[in-house]
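What follows draws every value from the coordinates through simple rules; no lab data is involved. All figures in this text were calculated on a predicted structure; none of them were measured in a lab. We place every Cβ from the backbone using ideal geometry, glycine too, and count neighbours over all the protein chains shown.
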């Protein structure tokens, strides 16, 4: 007697770990707009618009990790390859050049940039969604804000996003980030690397 062999079962998107790819882009955009009140631009990939609900400080990830260890709680933080995006209060990007001058970092190449009005960053998957290796992801995810219309516009020199109100103000955050960016640049120069090349191992500073 010949037995019929059933055809192979096609795994679902969830079983393949492809849930993030299978979810429509407008699903991500809808989550950010509905839960966070953040404006988006369609994709793929979905982009988060800066200069409205928040600005962004973009730094090398190595420097960003070191700065976060120094300053403690902050607002939301995203990773995208070798770069880190720190979400700060709207208006912060405009304040950044003058603040760097005031902190005596003016004229020093730091690989630190601010994104304000007209800028955008790649949207990581909303918290709880699968993340593909190397894709944008949340290091410190945002929490839902259901009172978007009543939320105050945060001044540039206040903390952003900490429920306990203990996030560093912009001065402390920028000073820490600038210091670590400078250290990373010096370490790369000593190692004979170009500015954007990754280091072979983590930095260790006393």
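For residue 183 and residue 132, calculate 0.36 nm times their separation in residues minus their Cα-Cα distance, and state this gained length in nm to one decimal.
Values: separation 51, 0.36 × 51 = 18.36 nm, distance 3.01 nm.
Here the segment from residue 183 to residue 132 would lengthen by 15.4 nm.
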Quiz item: Going highest first, how would you order 54-60, 28-34 by mean Cβ packing within 10 Å?
Solution: 54-60, 28-34
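Determine the gain in length on full extension of the stretch residue 191-residue 109; use 0.36 nm per residue of separation and subtract their C-alpha separation, reporting nm with one decimal.
Numbers: separation 82, 0.36 × 82 = 29.52 nm, distance 1.74 nm.
Once the chain is fully extended between residue 191 and residue 109, it gains 27.8 nm.
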